[in-house]
Structure formats: C-alpha cells, structure tokens
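Here, each number is a calculation from the coordinates, and none is a lab measurement. All values derive from a computational prediction rather than experimental measurement. Heads up, the Cβs are rebuilt from the backbone with ideal geometry, glycines too, and the neighbour counts pull from every protein chain shown.
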Amino acid sequence: MTLRHAIMQVNYYVCVRTVFEDDVEAITAAGGERRWVPLREAAGMALTGLTRKVLTRAHLLPSAPLDMIAPSSR
C-alpha cells in the first residue's frame, strides 16, 4: 500500500509492506525493539496520525465516526 501523509506543508509518500513473522528477526535493526500489539488494544493506544491512517486503510482499525472528528455545532 502506498499513501500520502501531510504534516504542515510537507507531503510524505509512504510505502507499507507486508512482513511475515518468520522474517521479522532478519529485518529488525540490531538492538531494535518491537512489541506485537493485539488490534483491539491498538485502537485504544495513542497512535500517530500516520499509524492510524495505515491501520484504517488496511481495514485493521475501524475509522472514527465523523461526529467524533468534527466539532459539535451545539
């Protein structure tokens, strides 16, 4: 998946790849840390906008209802 992510006036184009569990050791930098998180737990975590966008577009995280995003006019 490739997507555009903008921060301020800078556009980033990010390519997301599938990594299989058997390959994780080979592609992790020496001394690098990682932690597998269940998707139900990820939804409640403080995620970056880019992470949330990737998980939502991959249909791994439900998108927030629009009334949660838009300010209320009440």
Taking placed amide H atoms and a strict 5 Å upper bound, the residues 5 or more places from LEU61 or on another chain that come that close are THR56
Calculated from backbone phi, Karplus (6.51, -1.76, 1.60) coupling profile of the stretch 20-33 in Hz, x at Gly/Pro:
8, 3, 5, 9, 4, 4, 5, 9, 8, 4, 4, x, x, 10
Once both label points are put 7 Å beyond Cα along the C-beta direction, the THR2-VAL16 separation in nm becomes 1.6 nm
Please list, in order along the stretch 39-53, the HN-Hα scalar couplings obtained from phi with the Karplus expression 6.51 cos²θ - 1.76 cosθ + 1.60 (θ = phi - 60°), rounded to whole Hz, x for Gly and Pro.
4, 5, 7, 4, 4, x, 8, 7, 9, 5, x, 5, 4, 4, 5
